[in-house]
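**Student:** Okay, handing you the structure first.
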């Protein structure tokens, strides 16, 4: 057996926990060029060096992300490590004063806010259990302010409450004033922070860069104020579970004596890919098959959208997803919205490289999943969906999320499905945020008709104008609605497949329901999720876009539906989907992998723990 000598390992753990850090050293073949030339290349790519944030909780400081560097690697695929002393980051930013609870803006939401302050979920059914006001330790949950991030955090909060902690979900003032929770969220107390746009949220701002900057500035200040208020009223926060999109929350938590846990809402595979970019093992844009530790070989179309196109189109969003790893080594815990059995190969990549490499030499790659479960502090705690869909009868009232950021409309979805035979209906939804190109919208519409099957299609009111003229009259076999209860629809016996954009929450909900998928990914993590749907989990197919314009065509849509519904491999897709459904349920039920990880987290922060 051969051995590889890593420089800089001696005393690594002790140094990392004090004032030194370790990061991979990437060989960049641009380094030999004049500085002016390198700067010009960055500007042409729309890729300026990152500026240091005064409120950064990490200590990496200012450094540009790489553009196709060649990592200097040794055996096992890991980069050599440098140990260095970071510069001090000043924290002299002045924030605006927190607006009080008696601000006139909240007059329209007085009842909801009063219930939130009293520790109630805001539902009208007094028979439902309210949020606990005594007993276990107080844990604050801080999601990024969008529905796809609020729901997983809320569901995790329900699990924490069941296991004995006192969870508080801190959402923005705009969300709290406009979205009254129902009884399903009653076990989680609500509180407010500010994103700096209290009257309209992101819609009031409109600019991504400005919004994220304001969210960090005002969010840091109001989070600190909330933590001080909780301590003053005798309910100090023991730990802050913050969205990984909000790494600045870690420093705020520490300042107020609370532990900090990063919560990743996306799957391990996607996180690992972004982590390789942050650690400078992978440059962007990726234009060839990527072979990286912890991942199968992936062609560009199977990677997250940002890695294929680079930061150019949406630099602020690119920064957001990569910056999740800023200072992550300082987090007290790392939680992932997935379940262990779903990603045994990639989860192990959260292991410290030294220990992971040693275990690989000793046991081989087949033991990586076992190592992730037993030796690394990043733990899977998903799927974060209501317990009733996981067959977990310990939370009988957890039948829906209980907090929606969009107006819910009444539509006869379930009654319509009741009239159809088992596995006969195609359910179609592209999520709460995706905006399809008008041409692609028409192609999907015609593809559904060409498939010749009954379909239920959720088209948001803001997207309805993109439908072909008279479409609803022509689609006699279909039903187009502005909203539907997705989990309930996916669990209905009539649904045979799900045409989806492959957002992670939708993908997980389909897995939990055991429904095969036809993937039509748009951007962000969706292409990688679609790749796993098709090639790793084998629960469906991906519709390939046309090379000319990157848009899907009606023939491909109809063909994909036919292949999943009654094609040669349709039985395989259904069997695999059913198997994954059972694994998801097993992970969440008492004694399952996610349930154990949640219980371990609770034990760590319970009142009698040190």
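The values are calculated or read from the model by the stated rules, or taken from the named source; none is laboratory data. This is a predicted model, so every value here is computed, not measured. When we count neighbours, we look across all protein chains shown, and the Cβ atoms used for this are built from the backbone with ideal geometry, even at glycine.
**Student:** So in region 306-318, with the set limited to residues that are in contact with a helix residue (DSSP H, G or I) (Cβ under 7 Å, 6 or more places away or on another chain) and within 11 Å of residue 284 (Cβ to Cβ), which one is surrounded by the fewest Cβ atoms within 10 Å (Cβ to Cβ)?
**Tutor:** 308
**Student:** Follow-up. Output the residues belonging to region 265-281 that are in contact with a strand residue (DSSP E or B) (Cβ under 7 Å, 6 or more places away or on another chain) and surrounded by fewer than 24 Cβ atoms within 10 Å (Cβ to Cβ).
**Tutor:** Once the filter is applied, which keeps residues that are in contact with a strand residue (DSSP E or B) (Cβ under 7 Å, 6 or more places away or on another chain) and surrounded by fewer than 24 Cβ atoms within 10 Å (Cβ to Cβ), region 265-281 yields 279, 280, 281.
**Student:** Here's another thing I want to ask about it. In region 537-560, is there at least one residue being under 22 Å from the mean Cα position of the chain (by Cα) and touching a residue at least 60 places away in the same chain (Cβ under 8 Å)?
**Tutor:** Yes, region 537-560 has at least one match.
**Student:** For the condition at pLDDT below 95, crowded, with 22+ Cβ neighbours inside 10 Å, in the same structural domain as residue 261 (by the TED database) and part of a helix (DSSP H, G or I), what is the one hit in 212, 176, 160, 154?
**Tutor:** The conditions single out 176.
**Student:** Then there's this: So which residues in region 226-238 are closer than 18 Å to residue 143 by Cβ and in a helix (DSSP H, G or I)?
**Tutor:** Hits for region 226-238 are 226, 227, 230.
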